[in-house]
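**Q** Below you'll find the structure I mean.
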Amino acid sequence: MLARRLPTITTPLDHHEALEVTRIHSAMGRAVDGRLLTRRPFRAPHHTASTAALVGGGSGRPRAGEVTLAHRGLLFLDELGEFAPSALDALRQPLEERVVRISRQPVSLTFPASFQLVACTNPCPCGLGPPACHCSEAQRSRYRRRLSTPLLDRFDLRLRITAPEPADVAGECSADMAVRVQAATDRQRARYTGWSWSRNAHVPAGATLDLIPLSRDADATWRELIGRRALTGRGAARIRKVARTLADLDDAGDVQSGHLHTAALMRDDVP
């Protein structure tokens with residue numbers, strides 16, 4: 001339910017993005033009624049989708065997959081643990097490079113694939129989770145192994161979702177949240193003027209230290225979190241980027257230690 005409401009708070013496509021998305025959907029034979037698409041794509045393939053259906057390829061002339069149809073938008077994978085592990089691991093390269101490269105004799109093709117991946121999965125095959133779960137430990141372990149560590153490491157946010165308390169049901173409405181998201185997005189675009197990216201998430205790992213600076217106290221917090229949580233290099237860079245985004249949502253000029261702690265908490269060790 002949360003994932004399907006993300007389109008209500010995302011920013012509309014700018015003119016350049018709208019041209020990109022419209023060209024892709026037109027080339028794929030999807031009707032666009034002679035107008036530019038202005039809403040970000042939201043793709044939700046079934047968990048039986050093949051590797052070719054997800055990332056592209058197939059027999060004969062390669063075709064673009066769901067990651068390309070989700071370019072500049074959202075790719076939602078429901079029941080993540082039910083997807084074929086080989087198909088999920090094929091997402092690792094597009095998530096890093098934001099393109100898909102497919103080589104077939106005699107052609108090599110590059111498809112755009114700059115998308116936001118959102119997924120959800122049950123904690124075990126029965127779907128109940130503790131304490132009601134009746135799966136054996138072997139079943140739970142086998143189910144968790146379907147999600148590889150390198151794939152999970154590419155998720156910026158990893159959260160366990162529990163049933164809400166009655167007092168938590170009424171939260172911030174999408175309209176108000178969309179205003180904050182738009183303002184945070186505008187700050188990021190202004191920050192990266194002149195660069196080939198416009199989002200904190202797209203800052204290359206090698207440029208993170210220079211483009212997302214931290215105060216002495218915040219830097220000490222960041223390094224302490226790396227050691228305490230045994231973060232990979234990718235994980236360390238990503239909590240820094242998420243902290244910068246949290247600061248943007250708070251309209252804060254500098255990243256504070258609290259932003260880093262929150263970013264680390266939202267990168268829970270799951271499954």
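The values are calculated or read from the model by the stated rules, or taken from the named source; none is laboratory data. Nothing here was measured: the structure is a model prediction, and the numbers come from that model. Note: ideal-geometry Cβ built from the backbone for every residue, glycine included; neighbour counts use all protein chains shown. What goes into the accessible areas is simple: the full protein's heavy atoms, side chains included, and nothing from ligands, DNA or RNA. Shrake-Rupley method; radii C 1.70, N 1.55, O 1.52, S 1.80 Å.
**Q** Just give me the residues in the stretch 92-116 being out of contact with any strand residue (DSSP E or B) (no Cβ under 6 Å at 6 or more places or on another chain) and of a type in the set (K, R), in sequence order.
**A** Scanning the stretch 92-116 gives R92, R98, R104.
**Q** Hey, another quick one. Name the residues in the stretch 1-21 that are free of Cβ contacts under 8 Å to residues at least 40 places away in the same chain, in contact with a Ser or Thr (Cβ under 9 Å, 6 or more places away or on another chain) and either more than 17 Å from R199 (Cα to Cα) or crowded, with 17+ Cβ neighbours inside 10 Å (or both), would you?
**A** A18
**Q** Can D89 be described as under 17 Å from D78 (Cα atoms) and of a type in the set (D, E)? Quick ask: steps written out before the conclusion?
**A** Working: under 17 Å from D78 (Cα atoms): yes; of a type in the set (D, E): yes.
Considered against the rule, which asks whether it is under 17 Å from D78 (Cα atoms) and of a type in the set (D, E), D89 comes out as yes.
**Q** Out of all the residues in the stretch 238-258, which are farther than 14 Å from E224 by Cβ and not in a loop (DSSP other than H, G, I, E, B)?
**A** Narrowing the stretch 238-258 to residues farther than 14 Å from E224 by Cβ: 238, 241-242, 244-256.
Matches in the stretch 238-258: R238, K241, V242, R244, T245, L246, A247, D248, L249.
**Q** Then there's this: Checking the structure you have, find out if any residue of the stretch 171-191 is among the charged types (D, E, K, R), surrounded by 13 or more Cβ atoms within 10 Å (Cβ to Cβ) and in contact with a strand residue (DSSP E or B) (Cβ under 7 Å, 6 or more places away or on another chain).
**A** No, because not a single residue in the stretch 171-191 is among the charged types (D, E, K, R), surrounded by 13 or more Cβ atoms within 10 Å (Cβ to Cβ) and in contact with a strand residue (DSSP E or B) (Cβ under 7 Å, 6 or more places away or on another chain).
**Q** I've got another one for you. Being within 14 Å of T68 (Cα to Cα) and either more than 15 Å from the chain's Cα centre (by Cα) or among the hydrophobic types (A, V, I, L, M, F, W, C) (or both) is the filter here; which residues of the stretch 90-105 pass it?
**A** A90, L91, L95, V99, V100, R101, I102 - these are the residues of the stretch 90-105 that are within 14 Å of T68 (Cα to Cα) and either more than 15 Å from the chain's Cα centre (by Cα) or among the hydrophobic types (A, V, I, L, M, F, W, C) (or both).
**Q** If you take the residues in the stretch 212-228 that are in contact (Cβ under 8 Å) with a residue 12 or more places away in the chain, crowded, with 16+ Cβ neighbours inside 10 Å and of a type outside the set (S, T, N, Q), which one is nearest to G73 (Cα to Cα)?
**A** Restricting to residues being in contact (Cβ under 8 Å) with a residue 12 or more places away in the chain, crowded, with 16+ Cβ neighbours inside 10 Å and of a type outside the set (S, T, N, Q), the top hit is I212.
**Q** Name the residues in the stretch 114-143 that are outside any strand (DSSP E or B) and either hydroxyl-bearing (S, T, Y) or open to solvent by 80 Å² or more (accessible area, probe 1.4 Å) (or both), would you? Talk me through it step by step, then tell me what you get.
**A** Here is the first cut: in the stretch 114-143, the ones outside any strand (DSSP E or B) are 114-115, 120-143.
Once the filter is applied, which keeps residues that are outside any strand (DSSP E or B) and either hydroxyl-bearing (S, T, Y) or open to solvent by 80 Å² or more (accessible area, probe 1.4 Å) (or both), the stretch 114-143 yields S114, T121, L128, P130, P131, H134, S136, E137, S141, R142, Y143.
**Q** Right, another one. Could you tell me whether A27 is farther than 17 Å from F115 by Cα, loosely packed, with under 13 Cβ neighbours inside 10 Å and free of Cβ contacts under 8 Å to residues at least 40 places away in the same chain?
**A** Numbers: farther than 17 Å from F115 by Cα: yes; loosely packed, with under 13 Cβ neighbours inside 10 Å: yes; free of Cβ contacts under 8 Å to residues at least 40 places away in the same chain: yes.
Criteria met by A27.
**Q** Restricting attention to the stretch 256-268, does a residue exist that is on the phi > 0 side of the Ramachandran plot, open to solvent by 40 Å² or more (accessible area, probe 1.4 Å) and free of Cβ contacts under 8 Å to residues at least 24 places away in the same chain?
**A** Our first condition is that a residue be on the phi > 0 side of the Ramachandran plot; within the stretch 256-268, this holds for none.
Checked the stretch 256-268: no residue is on the phi > 0 side of the Ramachandran plot, open to solvent by 40 Å² or more (accessible area, probe 1.4 Å) and free of Cβ contacts under 8 Å to residues at least 24 places away in the same chain.
**Q** Quick check, is H71 in a loop (DSSP other than H, G, I, E, B) and crowded, with 17+ Cβ neighbours inside 10 Å? If you could, list the steps in order and put the result at the bottom.
**A** Working: in a loop (DSSP other than H, G, I, E, B): yes; crowded, with 17+ Cβ neighbours inside 10 Å: yes.
Yes: the conditions hold for H71.
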